[in-house]
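What follows is calculated from the coordinates using simple rules that are stated; it is not laboratory data. The structure displayed is predicted, hence computed values, not measured ones. Cβ sites come from the backbone with ideal geometry, for glycine too, and all protein chains shown count toward neighbours.
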Amino acid sequence: MKMKTICILFISILCLCAGCKQAENPHKIDIIFDTDANNELDDQHALAYLMLNDDVFNILGITTNATRNGGDIGEHYKEAERVIKLCNREESIKLLIGAEGSFGEIKDFLDLTDYDGHQSVDFIIEQAHKYSKENKLPILAVGKLTNIALALKKDPSITDNIRLIWLGSNYPGPGEYNLEDDVPSMNYVLESGIHFELVPARYNEPSGTDAVKASLEEIQKIMPGLGPKAKAPVIGRHGESFTNFGDYSVNLFSNAECHGDPPSRALFDMAAVAIVKNPEWAHTQTIPCPIMENNIWIERPDNPRKIFLWENFDKDAIISDFYSTLKNKQ
């Protein structure tokens with residue numbers, strides 16, 4: 001059997017096993033979603049897609065972090081809260097404030113009760129202890145890795161209990177927003193021994209999540225009115241009032257700088273949710289775990305530690321499923 005097939009089967013089994021924790025529906029995938037929600041617009045679409053796939057995912061909690069765009073941690077929390085309310089999930093989903101600062105700024109203060117990010121970090125630790133090496137807790141991180149690195153630093157005993165999927169880096173190339181916002185947190189997590197799945201952006205390359213784009217034209221045509229009706233109107237981050245996520249999606253795209261012909265935006269984070277839902281929507285392989293030094297990836301071909309690398313995403317299948325999910329929740 002080819003290695004790619006073996007990897008897909010292994011990750012599919014992990015997805016199913018992660019859901020076995022939920023007695024009421026053993027087929028759901030338990031998950032924590034870690035997000036810098038107010039950064040661009042892909043976090044919001046990923047969060048809505050995740051919540052509205054409620055037959056697939058059991059969301060244990062939404063943890064937040066603050067990257068350099070989008071304001072302080074309070075603004076990232078508020079944006080996640082807006083999307084949760086637009087999807088009518090405010091009564092069932094736990095939303096927690098996470099790290100404002102970087103791993104290096106916080107790691108020496110973890111013995112304090114109110115250290116920066118303690119709500120999210122302590123929640124991750126608490127939840128991870130309910131899982132095991134054989135039945136790992138999936139954490140999908142789509143911002144900097146500060147919250148996860150702090151959780152591993154504070155309680156290394158949870159390391160084997162977690163399946164981490166991270167949307168970040170342009171691996172094997174340099175750069176990328178999530179990575180650059182806290183490189184030491186990524187290096188710490190890579191060196192921890194945690195099960196690590198890397199979902200790269202790879203700007204302007206067809207093999208990364210940057211290829212999973214939606215055009216402003218199609219968003220304006222397809223998204224209006226999609227999703228459940230909110231219990232009460234929600235004021236968006238650009239103003240105006242919204243009662244469903246579809247209309248808010250149009251507003252987010254209309255206020256963003258789009259690129260290319262036709263003008264489009266990449267839905268990086270939404271693609272990461274999609275491959276957790278269906279591993280066949282991308283190719284995966286195992287690679288020796290690299291490390292970053294001076295903003296350059298250092299390959300370590302003899303490293304016995306392996307991580308998973310996702311690439312070559314099925315853009316059409318992912319985008320189609322996103323639209324179908326929203327349409328089915330009207």
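Only helices enter the 222 nm calculation for the chain: every DSSP H run of n ≥ 4 contributes -39,500 (n - 2.57), and dividing by all residues gives -11000 deg cm²/dmol, rounded to 500.
Inter-part distance, the stretch 229-307 to the stretch 132-175, computed on C-alpha centroids, equals 16 Å.
At 0.36 nm per residue, minus the direct Cα-Cα distance, what do LYS133 and ARG68 gain on full extension? Give it in nm, one decimal, please.
Numbers: separation 65, 0.36 × 65 = 23.40 nm, distance 3.42 nm.
This chain segment gains 20.0 nm when fully extended.
Modelled spin-label separation between ARG300 and GLU205, with each label point placed 7 Å from Cα along the Cα-to-Cβ direction: 2.1 nm.
Output the relative contact order of the chain, whole-number percent, from Cα pairs under 8 angstrom with separation of 6+ residues. Write out the running numbers ahead of the final one.
Numbers: 705 pairs, mean separation 61.3, N = 330.
With pairs under 8 Å counted, the relative contact order is 19 percent.
Measuring r between the beta carbons of ASN278 and ASP114 and using R0 = 35 Å, the FRET efficiency lands at 0.30.
The mean sequence separation of alpha-carbon pairs under 8 Å and at least six residues apart, normalised by the residue count of the stretch 91-153, gives a relative contact order of 41 percent.
Compute, for the stretch 184-287, the length of the dipole vector about the Cα centre, with Cβ point charges of +1 (Lys, Arg) and -1 (Asp, Glu) only. Units Debye, rounded to 20.
On the way: 8 positive and 12 negative charges, 79 e Å.
Computed charge dipole of the stretch 184-287: roughly 380 debye.
The Cα atoms of the stretch 173-240 cover 45, 30, 23 Å along the three principal axes, with the biggest extent listed first. For the stretch 152-284, the antiparallel share of DSSP beta bridges with both residues in that region comes to about 60%.
Bridgeable lysines around LYS107 (alpha carbons under 22 Å apart, same-chain partners fewer than 8 residues away excluded): LYS144, LYS153, LYS154.
Ranked from highest to lowest mean number of other Cβ atoms within 10 Å per residue, what is the order of the peptides 164-174, 91-101?
Working: 164-174: 21.6, 91-101: 18.7.
So the peptides 164-174, 91-101, ranked by packing, come out 164-174, 91-101.
Each of the peptides 68-74, 144-150, 43-49 was scored by the mean count of other Cβ atoms within 10 Å over its residues; in descending order, highest first, they stand as 144-150, 43-49, 68-74.
What FRET efficiency do you get for ASP160 and LYS221 if R0 is 45 Å and r is their Cβ-Cβ distance, rounded to the nearest 0.05?
Efficiency at R0 = 45 Å is approximately 0.45.
Given labels modelled 7 Å from the Cα in the Cβ direction, how far is it in nm from GLN330 to ILE287? Each label point lies 7 Å from its Cα, and together they span 4.2 nm.
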